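Before any comments, here is the structure.
The values are calculated or read from the model by the stated rules, or taken from the named source; none is laboratory data. Since the structure is predicted, the reported quantities are computational estimates derived from the model, not experimental observations. Note that we place each Cβ from the backbone using ideal geometry, even for glycine, and neighbour counts take in every protein chain shown. Calculation scope for accessible area: heavy atoms of the full protein, side chains included, ligands and nucleic acids excluded. Shrake-Rupley method; radii C 1.70, N 1.55, O 1.52, S 1.80 Å.
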Protein chains: 2
Amino acid sequence: MNVAIIAAAGQGLRMAGKRPKQFLELAGTPIIFHTLQAFEQCDSIQEIIVVISAAEAAGFLSLAGKRELRKLRKVVPGGATRAESVLRGLQAVRETTVEIVAVHDAVRPFVTAEEIARTIAAAQVDGAAILVSSPVDTVKEIRDGAVVRTLRRDDLRNALTPQCFRYKLLRRAYEQADVFDPELTDESSLVERLGERVAIVEGSARNIKITRPEDLVLAERLLTSDF
Amino acid sequence: MNVAIIAAAGQGLRMAGKRPKQFLELAGTPIIFHTLQAFEQCDSIQEIIVVISAAEAAGFLSLAGKRELRKLRKVVPGGATRAESVLRGLQAVRETTVEIVAVHDAVRPFVTAEEIARTIAAAQVDGAAILVSSPVDTVKEIRDGAVVRTLRRDDLRNALTPQCFRYKLLRRAYEQADVFDPELTDESSLVERLGERVAIVEGSARNIKITRPEDLVLAERLLTSDF
């Protein structure tokens, strides 16, 4: 059985609105429900766990109750950081039956069921796999206000989500982790630190993270286009 | 005297339209004229050279003639690559009077006069300076279909334009360059190869490069918003 953990506890401080960004509406529906729909439609996922701040949990459950979310099994209160939130989601997984855990940002509603399935399939082979896209701009390594070097574009990828792992591997990675480390921006980096191989799965640049007001503008248009 | 070289010879193959992307309209005006306006308004720039494909030059001049572009001095036919085009622009500079050359992508219309002035000022101090922004996603170094490592986000910047250099330094950099090298995506990398310091100037992520259809959608909204 494969489980999705949807990280929805972020406060969205970069977004001007009063509500956390995962509840902002996209075409009349809160972003998080677009995201959940992709996981509902993916045959490789059997259960969904949503990690959400305690303050938002009641409102979320009320909205969720009106939708047909067959796979949504648990709503878990979030922690102080993203990593602590994902760890709490992980602790809610029934470990006797789980194979792969897919961690996904609630604010990435454009992931497709096909991308989720491909990333899970890669994790079943390699133990760990993340969805990625190619950067658009030239990327520089910098230090003390100056360029150190230009990174080869072919050697770089942007880390998207889902990030998929064999359950035991991700548990082991979290045992070594300081979940309050602000540099911990994804699960893959924890598994990398163990020296384990993390495969990459090429995904679409459409799968944006909605963190700034202009992202929401772009998202509205992506929803109704064939880009 | 400081000169801007506007690189407008790109064919925009990633854009579906028939016209090169710098001529696609943004709010009724071809993108390149939005870009030129920022350089017209910047007091640190005295001359503008536009490098454009021979096929587009006549049409561009006809449109440019209807606008008040006081600083536009030369229109130079482009080369086979971006680097060859910029080199041709550089060869059109009057070297007796020039101090700083500011190279800019025609398809970055959201640069501000203030950002141009700050980048030029930094190049006057350091010899070379580029406008940059911070990446949004976590960036991975990859090899053979797997992650090699996670790059520290604080150590990375996306290279934007303008990229500004003392004229003699950029000439020297181009003397060493293979302008047909497909990995040559910006001028800064040529100067880096000389071992010279390239300063970074923090700019806005609004300064996007319009290369894909969704960029044009976002650009329309950026134009009318306060993001």
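Just wondering, is there one or more residues in the range B:105-120 that are modelled with pLDDT of 95 or more, under 29 Å from B:I32 (Cβ atoms) and facing chain A (nearest Cβ under 10 Å)?
no
Working carefully through the options A:A173, A:A177, find the one that is open to solvent by less than 30 Å² (accessible area, probe 1.4 Å) and part of a loop (DSSP other than H, G, I, E, B).
Just one listed residue meets the conditions, A:A177.
Out of A:R149, A:R157, report the one residue that is among the basic types (K, R), part of a strand (DSSP E or B), more than 30 Å from A:T224 (Cα to Cα) and within 13 Å of another protein chain (Cβ to nearest Cβ). Steps first, please.
Values: A:R157 fails: more than 30 Å from A:T224 (Cα to Cα).
Just one listed residue meets the conditions, A:R149.
Taking the condition of a type outside the set (F, W, Y) and closer than 20 Å to A:M1 by Cβ, does A:V93 pass? So that I can check it myself, show each step before the final result.
Working: of a type outside the set (F, W, Y): yes; closer than 20 Å to A:M1 by Cβ: yes.
The answer is yes for A:V93.
I'm told A:K168 meets every condition in (1) open to solvent by 20 Å² or more (accessible area, probe 1.4 Å); (2) under 21 Å from A:V139 (Cα atoms); (3) not in a loop (DSSP other than H, G, I, E, B); (4) not β-branched (V, I, T) except one. Can you identify the failing condition by its number?
Just one mismatch for A:K168, condition (2).
Any residue at all in the range B:180-199 that is part of a strand (DSSP E or B), within 14 Å of chain A (Cβ to nearest Cβ) and buried (at least 18 other Cβ atoms within 10 Å of the Cβ)? Working first, answer last.
Taking the range B:180-199 first, the residues part of a strand (DSSP E or B) are B:199.
Checking the rest, the ones that are also within 14 Å of chain A (Cβ to nearest Cβ) come to B:199.
In the following step, the residues that additionally are buried (at least 18 other Cβ atoms within 10 Å of the Cβ) were identified as B:199.
Yes, the range B:180-199 contains a residue that is part of a strand (DSSP E or B), within 14 Å of chain A (Cβ to nearest Cβ) and buried (at least 18 other Cβ atoms within 10 Å of the Cβ).
Sort through B:I208, B:I142 and tell me the only one that's at the interface with chain A (Cβ under 7 Å from one of its Cβ atoms) and among the β-branched types (V, I, T).
Values: B:I208 fails: at the interface with chain A (Cβ under 7 Å from one of its Cβ atoms).
Selected residue: B:I142, the only one of B:I208, B:I142 that is at the interface with chain A (Cβ under 7 Å from one of its Cβ atoms) and among the β-branched types (V, I, T).
Tell me, which strands (runs of 3 or more DSSP E) lie completely within the range A:13-124 with 1 or more residues that are in contact (Cβ under 8 Å) with a residue 12 or more places away in the chain and open to solvent by 40 Å² or more (accessible area, probe 1.4 Å)?
Details: elements: A:47-52, A:72-77, A:100-105.
Strands (runs of 3 or more DSSP E) meeting the threshold: A:72-77.
If we scan the range A:151-164, do we find a residue that is touching a helix residue (DSSP H, G or I) at 6+ places or on another chain (Cβ under 7 Å) and open to solvent by 10 Å² or more (accessible area, probe 1.4 Å)?
Scanning the range A:151-164, I find no residue that is touching a helix residue (DSSP H, G or I) at 6+ places or on another chain (Cβ under 7 Å) and open to solvent by 10 Å² or more (accessible area, probe 1.4 Å), so the answer is no.
Quick one: in the range B:128-150, of everything that is more than 17 Å from A:S134 (Cβ to Cβ) and touching a Ser or Thr at 6+ places or on another chain (Cβ under 9 Å), which residue is surrounded by the fewest Cβ atoms within 10 Å (Cβ to Cβ)? I'd like the intermediate steps shown before the answer.
Of the range B:128-150, the ones more than 17 Å from A:S134 (Cβ to Cβ) are B:128-134, B:149.
Now narrow it down to the ones that are touching a Ser or Thr at 6+ places or on another chain (Cβ under 9 Å): B:128-131, B:133, B:149.
On the way: B:A128: 26, B:A129: 29, B:I130: 29, B:L131: 27, B:S133: 18, B:R149: 12.
Among those residues, the one meeting the criterion is B:R149.
So, in the range B:202-217, of the ones that are open to solvent by less than 10 Å² (accessible area, probe 1.4 Å) and not hydroxyl-bearing (S, T, Y), which residue ends up farthest from A:T211 (Cα to Cα)? I'd like the intermediate steps shown before the answer.
Kept after step one, since they are open to solvent by less than 10 Å² (accessible area, probe 1.4 Å), are these residues of the range B:202-217: B:207, B:210-211.
Still in the running and not hydroxyl-bearing (S, T, Y): B:207, B:210.
Values: B:N207: 17, B:I210: 20 Å.
In this case the residue turns out to be B:I210.
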